[in-house]
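Here the structure is laid out as structure tokens; the discussion comes afterwards.
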Amino acid sequence: MTPTFSGAPPFFRAACAVVRGFAGLTKGLSLEGLEHLPPSGPVIVAGNHVSLIEGPLVGYAVGRVRQPSFMIKEELFRFPPLGWTLRELGGIPLDRGGRGDVKALRRALNVLAGGGCMVVFPEGTRSKDGQPLKPKAGVGLLARQSGAPVVPVRARNTLSALSGERPYRLTFGAPVPAPPKDPEDSRSADRAFAEAVMAAIFAL
């Protein structure tokens with residue numbers, strides 16, 4: 001399999017080369033289950049989150065198949081040129097305060113409506129000890145309103161780039177079908193689906 005999907009933009013290819021080099025210089029990278037990721041059509045990729053490393057690694061892995069977009073905390077967009085770089089790589093700023101960022105969710109739904117791939121981390125923040133945190137309902141809302149399946153991905157050995165077990169490991173699992181679009185209680189349904197996605201991630 002080539003390092004990036006056919007027709008990948010030059011900037012995305014360059015970013016993937018940087019991530020590949022970083023992984024090679026630190027721990028190496030093992031990828032399993034990429035066959036579960038459809039090469040086209042709307043899909044959500046949802047992973048666990050313990051460090052800053054998962055985002056680039058998952059983006060690189062998905063980029064071997066197709067172009068990903070990401071929901072990323074808006075604080076990171078405040079620092080140029082990082083903000084510019086994140087936008088060029090498909091980043092959508094997400095305000096994690098309050099009851100959710102409606103603008104970011106709409107932009108993510110637009111990506112999915114166009115047949116794109118959204119990468120999300122349902123926990124919404126990093127787990128300091130690697131144990132699963134209570135997920136946010138956003139992944140349920142995205143899947144329910146878009147009808148997109150959710151491909152779970154479990155990251156291991158990512159707590160530190162300089163210590164711990166080798167290599168970095170990403171394991172992709174079978175897609176979780178989208179929930180019904182019009183449940184009686186959408187909030188409860190979204191939360192329940194998010195919990196099911198987290199269970200699928202940690203079952204890998």
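Are any residues in segment 93-113 more than 24 Å from P183 (Cβ to Cβ) and touching a residue at least 24 places away in the same chain (Cβ under 8 Å), and if so, which ones? Correct list: R96 only. Residues in segment 84-121 that are modelled with pLDDT of 90 or more, in a helix (DSSP H, G or I) and not basic (K, R): W84, T85, L86, E88, A104, L105, A108, L109, N110, V111, L112, A113. L31 fulfils the conditions (1) in contact with a helix residue (DSSP H, G or I) (Cβ under 6 Å, 6 or more places away or on another chain); (2) crowded, with 21+ Cβ neighbours inside 10 Å; (3) assigned to a strand (DSSP E or B) except for a single criterion, (2). Provide a single number: the residues in segment 79-128 that are crowded, with 21+ Cβ neighbours inside 10 Å and hydroxyl-bearing (S, T, Y). The total comes to 0.
Cβ separations smaller than 8 Å between residues 6+ apart or across chains give the following pairs from segment 17-30 residues that are at pLDDT below 95 to residues that are surrounded by fewer than 12 Cβ atoms within 10 Å (Cβ to Cβ): T26/L162. Of the numbered criteria (1) under 23 Å from L162 (Cβ atoms); (2) in contact (Cβ under 8 Å) with a residue 12 or more places away in the chain; (3) surrounded by fewer than 16 Cβ atoms within 10 Å (Cβ to Cβ); (4) of a type in the set (A, V, I, L, M, F, W, C), the one V58 fails is (3). When restricted to residues that are surrounded by 19 or more Cβ atoms within 10 Å (Cβ to Cβ), charged (D, E, K, R) and within 22 Å of Q145 (Cβ to Cβ), segment 163-204 contains 1. The single condition from (1) within 23 Å of N157 (Cα to Cα); (2) in contact with a Pro (Cβ under 8 Å, 6 or more places away or on another chain); (3) modelled with pLDDT of 90 or more that F77 fails is (1). Within segment 128-143, residues that are in contact (Cβ under 8 Å) with a residue 60 or more places away in the chain sit with their Cβ atoms under 7 Å from residues that are part of a helix (DSSP H, G or I) and of a type outside the set (A, V, I, L, M, F, W, C), at 6+ positions apart or across chains, in these pairs: P135/E195. In the set L82, L162, L76, L94, only one residue is closer than 18 Å to I44 by Cβ and of a type in the set (A, V, I, L, M, F, W, C); that residue is L94.
Scan segment 63-79 and tell me whether some residue there is at negative phi, part of a loop (DSSP other than H, G, I, E, B) and more than 18 Å from the chain's Cα centre (by Cα). Scanning segment 63-79 turns up at least one residue that is at negative phi, part of a loop (DSSP other than H, G, I, E, B) and more than 18 Å from the chain's Cα centre (by Cα). For segment 122-177, the set of residues classified as of a type in the set (S, T, N, Q) and not in a loop (DSSP other than H, G, I, E, B) consists of Q145, S146, T171, listed by residue number. Candidates are the residues of segment 37-49 that are assigned to a loop (DSSP other than H, G, I, E, B) and in contact with a strand residue (DSSP E or B) (Cβ under 7 Å, 6 or more places away or on another chain); the one that is surrounded by the fewest Cβ atoms within 10 Å (Cβ to Cβ) is L37.
The values are calculated or read from the model by the stated rules, or taken from the named source; none is laboratory data. Because the structure is a prediction, the values reported are computed rather than measured. Don't worry about glycine lacking a Cβ; one is built from the backbone with ideal geometry, like all the others, and counts go over all protein chains shown.
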